[in-house]
Every structure is written in structure tokens, then in C-alpha cells.
Amino acid sequence: MEKGKDFKSALKVNKGITQPSGINPDILRKTTGQKKKKYSVDEYFNGIVSGNRTILSQAITMVESSLPQHYEEAQSIIEKCLPYGSKSLRIGITGVPGAGKSTFIETFGLYLAEEGRKIAVLTIDPSSAYTRGSILGDKTRMEQLSIHPLAYIRPSPSAGTLGGVARKTRETIILCEAAGFDTIIIETVGVGQSETTVHSMVDVFLLLMLAGAGDELQGIKRGIMEMADIIAITKADGPNEIVAEGARISYQNAMHLFPLNPSGWRPRALTCSALKNRGIKELWESITDYYEFTTRTGYFEEFRKRQSVIRMHDTISEYFVNAFYNDEEVKNIRPELEKQLYNGNITSFKAAKILLDKYCRSGGC
């Protein structure tokens with residue numbers, strides 16, 4: 001049948017939706033050949049203190065870089081940001097596997113945001129021992145917090161660093177403080193490595209525990225418990241609520257058997273449920289109580305000064321390690337020594353001595 005001019009079809013075709021541009025501008029640059037803009041130290045600094053998160057993220061990437069050409073520029077940015085830092089409360093969070101660190105941090109962060117605080121969450125993902133790669137999936141686990149205007153989440157690879165923290169976490173804290181974040185949350189890889197490192201860079205050390213997973217008092221090493229300022233028993237909801245309260249009492253009693261912390265603060269044990277949003281307010285009140293107590297006694301300021309000394313020693317160690325492995329003489333001879341080690345023709349100690357002697361003769365020592 002031939003269709004006339006007045007023919008009207010019952011089928012209606014709607015206009016399609018206009019496709020948005022690429023979400024990640026860096027991906028678009030790679031496909032079009034466009035280069036990422038190179039900022040000067042002053043431009044990085046001005047962008048950070050003005051709250052530009054894109055520039056903040058790029059500055060953190062530079063700080064984390066192991067390339068020698070980035071080191072001096074990164075240190076210059078950190079030096080300029082230092083006077084604008086140290087005005088935040090730094091909270092370190094660790095816990096046993098399954099304690100729900102990411103879920104807790106999202107609920108806790110959203111609560112702080114509602115209180116008007118600006119939160120930077122520095123999450124550490126374990127790096128592969130084989131590929132050195134990390135998943136860096138914390139933003140997908142904290143969907144609501146990641147889009148909150150008062151929150152900033154920065155995942156970083158541990159890259160083999162002990163203590164469950166990234167190699168450049170201390171420097172990242174300084175940049176985030178300069179960007180105006182008044183609460184810095186550091187999530188570690190988890191219990192199992194030395195947590196001394198993260199304890200030396202935060203003001204409050206929060207330990208998350210899980211009830212009902214066995215003998216609570218044997219579930220974690222004493223050394224980590226002694227470092228904890230506050231213990232939170234997570235997932236205290238439903239049938240687990242009574243078990244969690246029993247675990248809280250056990251931990252609180254155990255804390256009284258330990259020597260008093262250098263701060264003079266007697267650690268507290270609490271229960272909370274991130275899923276039901278219960279106990280979060282009380283936990284924050286305990287953290288602020290700790291802050292007020294240590295500020296009043298002078299321990300807060302004293303501990304910050306000690307952290308600066310620790311940061312100096314860490315910087316020296318890192319500088320010499322980087323200088324050693326980037327030395328041309330060392331780079332030239334290292335492959336051959338590694339081959340001899342692999343074939344069993346030389347001992348590890350002898351190879352190390354040869355490399356160190358070569359480094360010293362080239363002017364490194």
C-alpha cells in the first residue's frame with residue numbers, strides 16, 4: 001500500500017541523547033595526542049591552596065613519582081605548602097581483615113561532612129609483589145563519600161612499603177592540609193605489617209576489630225593494641241550486637257593491663273555499626289575528647305614535633321636510596337652483579353659491597 005502525504009505512523013522515534021565527552025580528560029589527551037599541561041611550582045602551589053582538586057591530584061602524583069626529575073620539583077612544592085599545613089586532625093585507621101574499614105570510613109566520613117568538616121581520605125592499596133601494580137578501587141567502595149563536595153579520596157599503592165602506608169603518605173598529608181582539608185583519614189593496608197609507620201604520622205590511632213571471629217584477645221598482636229588510642233568493635237548490629245558488646249568489655253579490661261600511653265590517655269573501646277549508622281557520633285566524640293586531652297597536656301604539639309624529626313630521617317634515607325640506584329656507575333654494573341648472584345657465582349654481601357664501593361668512588365659518599 002502506498003503511503004500518502006497525510007499518512008501518520010503509530011511508531012514515534014524520539015531524538016537520541018547527546019553523548020557526554022570523555023570523563024577522564026587524560027584519556028582524551030592520549031587519543032588526540034594532546035599533552036597534559038605542565039605547571040610551574042608556583043602554579044601548583046597556588047592551585048593547591050585555592051582548593052583546585054585537579055592540581056592537587058597532579059601534585060600528589062608528582063610527589064609519589066620515583067623519577068629523579070620529579071623529586072626536586074616535588075620537594076619545592078612541599079616546602080611552599082608546609083606553612084599552610086599542620087592545621088588538621090590526622091586519624092590513622094587500621095583493622096583486622098573483614099572489619100569493614102572502607103564501609104566504616106564512608107559512614108564516618110559522611111558524618112563528619114554533615115558536621116561541616118572537610119575530609120581527605122588517603123587509602124592505601126597493597127601492591128603486587130610481582131607486577132608492583134595495585135587495584136586502587138577504594139572510590140568504588142565509597143561511592144557516596146567519593147562524590148561528596150566536602151570529601152576527597154586519594155588511593156595510593158603501598159609499593160612494598162612496610163607499615164601499610166604508601167611511600168609518600170607524609171608528603172601527601174601536607175598537600176591536603178594546604179588545600180584546606182581539616183580532617184585527614186589514613187586507611188592502612190591492614191594488620192599484619194608493622195603499623196609503627198602510620199602511628200608516627202597521625203594524631204589519633206583507631207583500631208577496628210571484629211567480634212565473634214575467635215578469641216578476641218588473641219586476635220591481634222599486643223604491640224598494635226598498645227599503639228591504639230581508641231578501639232572500635234565494628235558490625236555491632238542484629239544478632240552480633242550482644243557479641244560485640246562482650247568483645248568491647250574484654251578489650252576495655254585488657255587495655256587496663258597495659259602500661260599507660262605516653263600521652264597519659266587511657267584508651268577506650270567502643271562498638272559501632274557503619275551499616276546502621278550507630279555509634280559513629282560517640283566514636284567521634286571520643287576522638288575529640290582525645291584531641292582536647294592531648295592539647296591540654298601539651299602532648300599533641302610535642303608529638304607533632306617528634307613526627308617532624310622522624311620525617312627528616314625518612315627523607316634522608318629515601319634520598320640516599322634514590323641517589324644510589326640512579327647513579328650511572330651503579331646502574332652500569334648492577335645487571336652483571338645480579339646475573340652473577342643468580343648463577344651463584346658471588347655472595348649477596350660481596351655484591352652489595354662492590355656496588356657501594358662503586359657508588360662511593362663515583363662521588364656519592
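For the structure I just gave you, tell me whether L257 is in the same structural domain as I105 (by TED's automatic domain parsing), at pLDDT below 95, more than 21 Å from T94 (Cα to Cα) and part of a loop (DSSP other than H, G, I, E, B). It is true that L257 is in the same structural domain as I105 (by TED's automatic domain parsing), at pLDDT below 95, more than 21 Å from T94 (Cα to Cα) and part of a loop (DSSP other than H, G, I, E, B). For beta carbons closer than 8 Å, sequence separation of 6+ or different chains, a first residue in region 301-328 that is in contact (Cβ under 8 Å) with a residue 24 or more places away in the chain and a second that is among the acidic types (D, E) and not in a helix (DSSP H, G or I), the qualifying pairs are F303/D203; R304/D203. Of all residues in region 335-365 being part of a helix (DSSP H, G or I) and of a type in the set (S, T, N, Q), which is surrounded by the most Cβ atoms within 10 Å (Cβ to Cβ)? Out of the qualifying residues, it is Q340.
Each row is one residue, and each column tells you yes or no for (1) in contact with a Cys (Cβ under 7 Å, 6 or more places away or on another chain); (2) in contact (Cβ under 8 Å) with a residue 40 or more places away in the chain; (3) outside any loop (DSSP other than H, G, I, E, B).
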residue	(1), (2), (3)
K38	no, no, no
N46	no, no, yes
I55	no, no, yes
H70	no, no, yes
K87	no, yes, no
R90	no, yes, yes
I93	no, yes, yes
A99	no, yes, no
I105	no, yes, yes
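Within region 291-310, can one find any residue that is modelled with pLDDT of 95 or more, under 24 Å from L208 (Cα atoms) and either exposed (fewer than 12 other Cβ atoms within 10 Å of the Cβ) or among the charged types (D, E, K, R) (or both)? There is at least one residue in region 291-310 that is modelled with pLDDT of 95 or more, under 24 Å from L208 (Cα atoms) and either exposed (fewer than 12 other Cβ atoms within 10 Å of the Cβ) or among the charged types (D, E, K, R) (or both).
Screening region 231-250 for residues that are among the charged types (D, E, K, R) and not in a loop (DSSP other than H, G, I, E, B) and picking the one that is nearest to V204 (Cα to Cα) gives R248.
Looking at L283, is it part of a helix (DSSP H, G or I) and closer than 30 Å to N253 by Cβ? It is true that L283 is part of a helix (DSSP H, G or I) and closer than 30 Å to N253 by Cβ.
Which residues, counting only those in region 177-194, are under 19 Å from F104 (Cα atoms), modelled with pLDDT under 75 and part of a loop (DSSP other than H, G, I, E, B)? Correct list: V189, G190. Could you list all residues from region 262-280 that are buried (at least 16 other Cβ atoms within 10 Å of the Cβ) and assigned to a loop (DSSP other than H, G, I, E, B)? If the condition is that a residue be buried (at least 16 other Cβ atoms within 10 Å of the Cβ) and assigned to a loop (DSSP other than H, G, I, E, B), then S263, W265, P267, C272, A274, G279 are the ones that fit.
The values are calculated or read from the model by the stated rules, or taken from the named source; none is laboratory data. Being a predicted model, the structure only gives us computed values, none of them experimental. FYI the Cβ positions are ideal-geometry reconstructions off the backbone, even for glycines, and counts take in every protein chain you see.
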